[in-house]
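A.B. asks: Structure incoming, see below.
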Amino acid sequence: MTGFDERFLTRNGLAAQQLAVLLLNHEPDTRLPRVRDFAEELGVGNGTVQAALQLLETAGAIRTTARGHLGTFLVDSDRSVLWRLSGLGTLLAAMPLPYSHRYEGLATGLRAAFEQAGAPFAITFMRGAGTRTTALIEGKVDLVVLSRFAADRLIEERPVELVADLGPGTYVGAHGLLLRHGASLETDGLRVAVDHASEDQRILAERVFAGRADIRWVEASYMQLRDLFAHDRVDATLWNLDEVQDRLGAGVDVLPLGDEVTRDLSSRNSSAAIIGRTEGAKALGAVRDSLDLSLVTTCQAEVLRGERAPSY
């Protein structure tokens with residue numbers, strides 16, 4: 001370990017790490033909080049804050065200037081150095097399995113946006129919003145990508161917060177009702193595939209078939225649907241329509257959802273959201289302010305149009 005690195009293990013160095021997280025939220029040419037305000041927030045003395053700021057300047061993370069009675073201003077900052085010194089490390093995001101170009105484009109855009117922000121970033125893929133959120137709560141991942149619809153429900157129930165909403169059409173193009181060719185929705189005992197690991201799909205299915213006590217629910221993931229339909233083991237399901245015809249073949253008819261369901265869920269259901277743990281509020285703020293969401297959606301659109309190769 002170099003002498004410089006060892007200085008970041010001191011009391012002043014630990015304060016510098018905490019300051020680095022806070023400074024990720026400040027844009028160049030903006031006034032910084034007063035030293036005593038930083039000291040109060042970090043629970044340290046004024047001298048410790050001044051020494052920590054000097055450490056960050058020496059490391060090339062920030063440049064500041066004093067402007068008399070106006071206070072101290074941040075001239076500029078190197079976000080990649082700030083991130084490294086903050087101790088936040090590599091951010092691991094959990095996403096749905098990349099079975100569609102839309103998800104591939106989303107992963108590509110997120111990687112590009114995090115790289116631009118100077119934040120080390122990696123992706124792991126997990127099936128089911130519930131599974132991904134459990135991994136988040138347990139500290140196995142730092143961020144989770146899911147629909148805004150699922151995010152809103154989880155925020156009410158779990159200690160998680162919204163980091164970003166990428167807007168309609170970024171998570172799925174649309175959901176639809178899949179019906180085995182020749183089957184009728186009015187059939188008594190209709191066999192409907194449902195994936196309880198998928199918050200969106202489960203709730204959609206329950207909405208569409210509400211009041212039908214005769215429904216026979218068949219637990220299944222989207223990876224099993226082709227075989228289940230082909231071997232006459234299910235009659236219907238609700239699913240993401242991205243590339244569904246290519247995966248399920250001609251033996252499955254695609255029907256639109258009813259207007260009431262579509263109006264209620266279409267926007268939140270199709271929007272990609274990013275959530276993080278509430279206990280990491282300062283880190284969440286750094287992530288939120290670092291991301292250029294327009295870069296995410298631009299990259300995703302380019303992947304969908306075939307103008308950019310997926311890279312994640």
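The values are calculated or read from the model by the stated rules, or taken from the named source; none is laboratory data. These figures come from a predicted structure and were not determined experimentally. All Cβ positions, glycine included, derive from the backbone under ideal geometry; neighbour counts span all protein chains shown. With ligands, DNA and RNA removed, areas are computed over all heavy atoms of the protein, side chains included. Shrake-Rupley method; radii C 1.70, N 1.55, O 1.52, S 1.80 Å.
A.B. asks: Once fully extended, how much extra length lies between VAL75 and LEU42, figured as 0.36 nm per residue of separation less the alpha-carbon to alpha-carbon distance?
C.D. replies: 9.6 nm is the gain from fully extending VAL75 to LEU42.
A.B. asks: If you don't mind, there's one more thing I want to ask. Once you place label points 7 Å from the Cα toward the Cβ at GLU138 and SER221, how far apart are they in nm?
C.D. replies: 1.5 nm
A.B. asks: Largest first, how would ARG132, ARG153, ARG84 line up by accessible area (1.4 Å probe)?
C.D. replies: Ranked from most to least accessible, the order is ARG84, ARG153, ARG132.
A.B. asks: Taking 0.36 nm per residue of sequence separation and subtracting the Cα-Cα distance, how much length would be gained by fully extending the chain between LEU97 and ASP232, in nm to one decimal?
C.D. replies: Length gained between LEU97 and ASP232: 46.0 nm.
A.B. asks: By accessible area of protein heavy atoms, probe 1.4 Å, what ranking do ARG180, ARG127 get, highest first?
C.D. replies: Most to least solvent-accessible, the answer reads ARG127, ARG180.
A.B. asks: How big is the charge dipole of segment 138-219 about its Cα centre, in debye rounded to the nearest 20, if each Lys and Arg gets +1 on its Cβ and each Asp and Glu gets -1 on its Cβ?
C.D. replies: 320 debye
A.B. asks: At 1.4 Å probe size, with no ligands or nucleic acids counted, give the accessible surface of TRP239 in Å², nearest ten.
C.D. replies: Rounded to the nearest 10, the figure is 20 Å².
A.B. asks: Of all the Cα-Cα pairs you can form in segment 1-130, what percent are over 25 Å apart?
C.D. replies: Roughly 38 percent, rounded to a whole number.
A.B. asks: Along the charge dipole of the chain, pointing to its positive end and built from +1/-1 on Cβ of Lys, Arg, Asp and Glu, which listed residue (LEU91, LEU143, SER184) has its Cα farthest out?
C.D. replies: Checking the options against the dipole of the chain, the answer is LEU91.
A.B. asks: If you consider only alpha-carbon coordinates, what radius of gyration and Dmax does segment 157-312 have, in Å?
C.D. replies: For segment 157-312, the Cα radius of gyration and maximum Cα-Cα distance read 18.2, 55 Å.
A.B. asks: Expected output is a single nm value to one decimal: the length gained when fully extending between GLU279 and ASP152, i.e. 0.36 nm times separation in residues minus the C-alpha distance. What is it?
C.D. replies: Contour length minus the Cα-Cα distance gives 44.0 nm.
A.B. asks: Shifting gears a bit: According to a simple spin-label model (label point 7 Å from Cα along Cα-to-Cβ), what is the distance in nm between THR90 and ALA301?
C.D. replies: 3.2 nm
A.B. asks: Treat every Asp and Glu Cβ in the chain as -1 and every Lys and Arg Cβ as +1, leave all other atoms uncharged, and give the resulting dipole magnitude about the Cα centre to the nearest 20 debye.
C.D. replies: Taking the Cα centre of the chain as origin, the dipole is about 660 debye.
A.B. asks: A further question on this structure: Roughly how much of GLU206 is accessible, in Å² to the nearest 10, using a 1.4 Å probe?
C.D. replies: Solvent-accessible area, nearest 10 Å²: 90 Å².
A.B. asks: Another question, then. What accessible area per residue comes out for the chain, rounded to a whole number of Å², with a 1.4 Å probe?
C.D. replies: 47 Å²
A.B. asks: Additional query: Pick out, from THR170, LEU154, VAL194, the residue whose Cα sits farthest towards the positive end of the charge dipole of segment 142-209, with +1 on the Cβ of Lys and Arg and -1 on the Cβ of Asp and Glu.
C.D. replies: VAL194
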